[in-house]
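One structure is given below, encoded as structure tokens.
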Amino acid sequence: MAYSAKIGPSILSSDLSRLGSECVRMMECGADYLHLDVMDGHFVPNITFGHPMVECLRKSVGQDPFFDMHMMVSRPEQWVKPMAAAGANQYTFHLEASTNPGNLIKEIRESGMKVGLAIKPGTTVEELAPWANHIDMALVMTVEPGFGGQKFMEDMMPKVSWLRSQFPSLDIEVDGGVGPDSIHKCAEAGANMIVSGSAVVGSEDPRSVIALLRTVVAEAIQKRSLDR
């Protein structure tokens, strides 16, 4: 079993005027990686930031933090090279936005980044399955992408369970409405990479929230390995 519990705060939930120091604060509070939401106003209604911001953040926080780019964009192939040059570590694109996932996966790998593949709530997990052995991580959205603060969609958990049963060593990420109230469901289903926005970033004690999320996931992973 090659995967481990990793907690990635969604930095979009932080004070955007202090993004560099907020990233440092999250890492100091025990985050395993940082989840950066890129929205283009086409694939989703909102607009956030692009590779120039990522480049500035990388210079500000140094080489250590792992940048997981969640590319909610309608032309994901357009930003692979700019994001790699800016210092991104993982490029997670949406299956719904790509006409040729195979080519895009190859391009991301050749640029030196890890590959993530995301699906929206309305997309079946079977559509992701043909690519699962070619990617580093599958992201199952647990809200509709594009807005923070939405309610966690528990009915997405069968997708996570199915992926875990079919691809036992795959990193599986959940994103949207995840916090102390919903983490047990995610962990039991088999998610090991947990994106949490307001529940972590908006907390008075992010360190304890991150520790709680990680403990629940780690215990579920251990239980699964004992049950096999």
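The values are calculated or read from the model by the stated rules, or taken from the named source; none is laboratory data. Nothing here was measured: the structure is a model prediction, and the numbers come from that model. In this analysis, Cβ positions are derived from the backbone assuming ideal geometry, glycine residues included, and neighbour counts consider all displayed protein chains. Quick note on the areas: whole protein, heavy atoms, side chains included, nothing else; ligands and nucleic acids left out. Shrake-Rupley method; radii C 1.70, N 1.55, O 1.52, S 1.80 Å.
Observations
- Cβ separations smaller than 8 Å between residues 6+ apart or across chains give the following pairs from the range 122-135 residues that are over 12 Å from LEU163 (Cα atoms) to residues that are at pLDDT 95 or above and in a helix (DSSP H, G or I): THR123/LEU95; THR123/GLU96; HIS134/GLY102; HIS134/ILE105; ILE135/ILE105.
- Selection of the range 7-19 for residues being under 20 Å from MET83 (Cβ atoms), open to solvent by 20 Å² or more (accessible area, probe 1.4 Å) and touching a residue at least 24 places away in the same chain (Cβ under 8 Å) yields only LEU12.
- The lone exception for THR92 - which of (1) part of a loop (DSSP other than H, G, I, E, B); (2) surrounded by 20 or more Cβ atoms within 10 Å (Cβ to Cβ); (3) of a type in the set (Ser, Thr, Tyr) it fails: (1)
- Of all residues in the range 192-228, those satisfying the criterion of being small (Gly, Ala, Ser), touching a residue at least 60 places away in the same chain (Cβ under 8 Å) and under 23 Å from GLN150 (Cα atoms) are SER196, GLY197, SER198, GLY202, ALA211.
- Annotation note: Cβ proximity below 8 Å between a residue of the range 69-86 that is on the phi < 0 side of the Ramachandran plot and modelled with pLDDT of 95 or more and a residue that is assigned to a helix (DSSP H, G or I) and among the charged types (D, E, K, R) (sequence gap 6+ or interchain) occurs for GLU77/GLU107; VAL80/GLU107; ALA85/GLU55; ALA86/GLU55; ALA86/ARG58.
- Answer residue from the range 37-68, given it is β-branched (Val, Ile, Thr) and in contact (Cβ under 8 Å) with a residue 24 or more places away in the chain and is farthest from ALA138 (Cα to Cα) among those: VAL61
- Members of the range 1-59 that are in a helix (DSSP H, G or I), of a type in the set (Gly, Ala, Ser), touching a helix residue (DSSP H, G or I) at 6+ places or on another chain (Cβ under 7 Å) and farther than 23 Å from LYS120 by Cα: GLY20
- Selection within the range 128-153 - out of contact with any helix residue (DSSP H, G or I) (no Cβ under 6 Å at 6 or more places or on another chain), open to solvent by 10 Å² or more (accessible area, probe 1.4 Å) and in a helix (DSSP H, G or I): ALA129, PRO130, ASN133
- Verdict on ASP181 being open to solvent by 50 Å² or more (accessible area, probe 1.4 Å), in a loop (DSSP other than H, G, I, E, B) and modelled with pLDDT of 95 or more: yes
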